[in-house]
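J.: Sharing a structure here in structure tokens format.
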Amino acid sequence: MENVDFDAIRHRVKLLEDTGDSRLFDNRDDVQCPVCERPFDEALETERRTEQLSPQSDLSFCLVNGTDKIILFTHATDS
Ligand SMILES: [Zn+2]
């Protein structure tokens, strides 16, 4: 697995929600997703082993599974 440095882009996204073991970030600056290199909409960082997501239709995900946390990037699919 390629090592994705989320800390490098964390300062460019806005923290929306912090529950202690997961954090939701909003991308207002067209920061590129480190997985597919398209700008993402939101990023979810979690240390939880399980996470429930409520995706809307027309939404795609990129997932980075680090050693101690998972980071999920969301994209609205342009159709
Ligand atoms: Zn992506």
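The values are calculated or read from the model by the stated rules, or taken from the named source; none is laboratory data. Just so it is clear, the model here is predicted, and its values are computed rather than measured. Every residue, glycine as well, gets a Cβ built from its backbone with ideal geometry; the counts of neighbours run over all protein chains shown.
J.: Looking at the stretch 41-48, can you tell me whether even one residue there is touching a Pro at 6+ places or on another chain (Cβ under 9 Å) and among the hydrophobic types (A, V, I, L, M, F, W, C)?
T.: No, the conditions are met nowhere in the stretch 41-48.
J.: Listed residues Leu63, Leu59; which is on the phi < 0 side of the Ramachandran plot, at pLDDT below 90 and out of contact with any Phe, Trp or Tyr (no Cβ under 7 Å at 6 or more places or on another chain)?
T.: One residue alone meets the criteria, Leu59.
J.: Would you call Val4 at pLDDT below 90 and hydrophobic (A, V, I, L, M, F, W, C)?
T.: It is true that Val4 is at pLDDT below 90 and hydrophobic (A, V, I, L, M, F, W, C).
J.: Okay, next question. Name the single residue, out of those in the stretch 55-71 being more than 9 Å from the chain's Cα centre (by Cα) and more than 15 Å from Phe6 (Cα to Cα), that is nearest to the ligand (Cβ to nearest atom).
T.: Ranking the candidates gives Ser60 first.
J.: Please give the strands (runs of 3 or more DSSP E) falling wholly within the stretch 1-54 in which 2 or more residues are within 16 Å of the ligand (Cβ to nearest atom), of a type in the set (D, E, K, R) and surrounded by 14 or more Cβ atoms within 10 Å (Cβ to Cβ).
T.: 42-46
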